[in-house]
Amino acid sequence: IIGTSAVDLDGRRSTVRTAESNLGNLAADSLLWQAAELAPSFGVPIPDVALQNGGGMRNDAIIPAGNLTELDTFDVLPFPNFVTVIPDIPRSQFKEILENAVSNVENVDGRFAQVAGFEFTYDPAGTAQVVDDDGKVLTAGTRVTEVSLDGGTQIVTGGNVVAGADLTIATIDFLARGGDQYPYRDAPITLLGVSYQQALSNYVQDALGGTVSAADYPEGGEGRITAL
C-alpha cells in the first residue's frame with residue numbers, strides 16, 4: 001500500500017482516450033512533478049507542461065476509493081516508458097502536438113492526451129490534423145482553439161498561436177520518439193532514468209504524502225480539457 005484515495009479514479013479505456021480523467025490528471029501530474037524534481041541534475045530546464053497518452057494507461061477500470069497499491073500503479077502504467085524532457089518546443093509546434101492528441105478522438109484513439117501544467121479547449125467538429133510517421137503535418141488541424149498555461153499565459157487563442165517563449169515538455173520517451181505520431185520531429189530529448197510507473201508511485205507517496213484528495217482529483221477532472 002502506497003497511499004489512499006478519497007475518490008474513485010477513472011482509468012477506463014473509453015474515458016482516458018476521449019476525455020479528461022482524474023486518473024489521467026494524476027498520471028500527467030506525476031510526470032510534471034518527477035521531471036521538475038530531476039531536471040536540474042540532468043542539466044535540462046524544468047518543464048512547463050506534461051502530456052501522457054491515454055493509450056499508455058492500461059488498467060481499463062475504475063480504481064475504487066480506498067487503498068492504493070504499488071500493483072495499482074503497474075496496472076495503470078505497465079510499459080517500459082521513461083520520464084523524458086523535451087526543451088525548446090516552439091508554441092506553433094506545441095499546438096501541432098495537441099492537434100495530434102485530439103485528431104482521432106472520435107475513434108477512441110490512444111494518442112488522446114491527459115495533461116498537466118495547462119488547460120485547453122478543442123472543437124471535435126474542426127479539421128483533424130493529419131501527419132505522417134515522421135511528424136510532418138500533411139493537413140493542418142483546426143480543432144485546438146484555446147490553450148493557456150496554469151499561470152495564465154495564453155499559448156493559443158481563437159485557434160491562433162500567441163507569440164512568446166518556447167516551452168519545455170515532460171512526457172514519456174515513447175511519445176518523444178514519435179509514438180502515436182506525436183510530431184516532435186526528432187527534437188533533442190533527455191530521459192531521466194525513472195519509468196512512468198515509478199513516477200506515479202513516487203508522486204503519490206512523496207508529493208501527495210500518500211493521500212489523493214477529491215478536491216485535487218475530482219471525478220470527471222477539474223476542467224483541464226474542454227470539448228466544445
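Laid out as a table, the results:
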read-out	value
Residue in the stretch 89-108 that is small (Gly, Ala, Ser), touching a residue at least 40 places away in the same chain (Cβ under 8 Å) and either on the phi > 0 side of the Ramachandran plot or in contact with a Phe, Trp or Tyr (Cβ under 8 Å, 6 or more places away or on another chain) (or both) present	yes
Qualifying residue in the stretch 1-19 (condition: open to solvent by 40 Å² or more (accessible area, probe 1.4 Å) and assigned to a helix (DSSP H, G or I))	yes
Scope the stretch 63-88; condition more than 19 Å from the chain's Cα centre (by Cα) and among the hydrophobic types (A, V, I, L, M, F, W, C); matching residues	63, 65, 68, 71
Subset of the stretch 170-228 (residues that are at positive phi and within 16 Å of the chain's Cα centre (by Cα))	178, 180, 181, 220, 221, 223
From the options 63, 46, residue that is among the hydrophobic types (A, V, I, L, M, F, W, C), open to solvent by 60 Å² or more (accessible area, probe 1.4 Å) and touching a residue at least 24 places away in the same chain (Cβ under 8 Å)	46
Number of positions in the stretch 159-175 that are open to solvent by 60 Å² or more (accessible area, probe 1.4 Å) and either of a type in the set (Asp, Glu) or outside any strand (DSSP E or B) (or both)	4
Conditions (1) at pLDDT 95 or above; (2) over 17 Å from the mean Cα position of the chain (by Cα): number failed by residue 108	(2)
Near pairs, Cβ below 7 angstrom, 6+ apart or cross-chain, from the stretch 140-161 (closer than 17 Å to residue 224 by Cα) to any residue that is surrounded by 15 or more Cβ atoms within 10 Å (Cβ to Cβ) and among the acidic types (Asp, Glu)	143/99; 143/123; 144/99; 145/123; 148/119; 149/48; 156/146; 157/146
Matching entry among 159, 178, 135, 151 (being small (Gly, Ala, Ser) and in contact with a strand residue (DSSP E or B) (Cβ under 8 Å, 6 or more places away or on another chain))	159
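The values are calculated or read from the model by the stated rules, or taken from the named source; none is laboratory data. What you are looking at is a predicted structure, and each value in this text was computed from that prediction instead of being measured. Cβ atoms come from the backbone with ideal geometry, glycine included; neighbour counts cover every protein chain shown. Side chains included, ligands, DNA and RNA excluded: accessible areas come from the protein's heavy atoms. Shrake-Rupley method; radii C 1.70, N 1.55, O 1.52, S 1.80 Å.
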